[in-house]
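Undergrad: Take this structure first; my questions come after.
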């Protein structure tokens, strides 16, 4: 994944955020609130997203770019007590916060994973890699998802939710990826396009099958 401060634009916006909050460091709690937003439930329809994925109890799911855990806990509910969710993120502070939330809520089927920028480092094969609001942050996506295929069990899937190129921030900051680009890149990585859902107002929602050359 790409460090959002690695580009000139990213450094400018990061500095601007610090200025707007009076010079205080951006905490994990602030990040989590920013990711969620006041109206996210309304436009992203998380329960419907989980429903159409038809996740079965007992399955293993990786939430790639888990952030504040917005989808992580919903995925944990979907897989049930016999399942496992790997909350995968490159941000140690967000991981620590999410681990604490899981403990507070008594949710014991979530395992927090510190990923690398070039490798999700999922500890065991999963039935689904799910990623929301993260795809546009990943550099070298074809190679990245070729590596990620090693963590997919036979018959597993990859689901991608990423922003459409609409609105000021998404156009200027590049926090968006065209549906055609997502499909082209993942097909280059060996994945099989299975379909696209159009009910998420601000995002593309694509589902892919596992490459044949992934981990057997």
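Undergrad: Among (1) part of a loop (DSSP other than H, G, I, E, B); (2) surrounded by fewer than 22 Cβ atoms within 10 Å (Cβ to Cβ); (3) at pLDDT 95 or above, there is one condition residue 120 misses while meeting the rest; what is its number?
TA: Failed condition: (2).
Undergrad: While we're looking at this one, here's another question. Tell me whether region 19-28 contains one or more residues that are modelled with pLDDT of 50 or more and not in a loop (DSSP other than H, G, I, E, B).
TA: Step one: of region 19-28, the residues modelled with pLDDT of 50 or more are 26-28.
Within this subset, residues satisfying the condition of being not in a loop (DSSP other than H, G, I, E, B) are 28.
Yes, region 19-28 contains at least one residue that is modelled with pLDDT of 50 or more and not in a loop (DSSP other than H, G, I, E, B).
The values are calculated or read from the model by the stated rules, or taken from the named source; none is laboratory data. Every value quoted in this text rests on a predicted model; they were computed, and no experiment measured them. Glycine also receives a Cβ, built like all others from the backbone with ideal geometry; neighbour counts cover every protein chain displayed.
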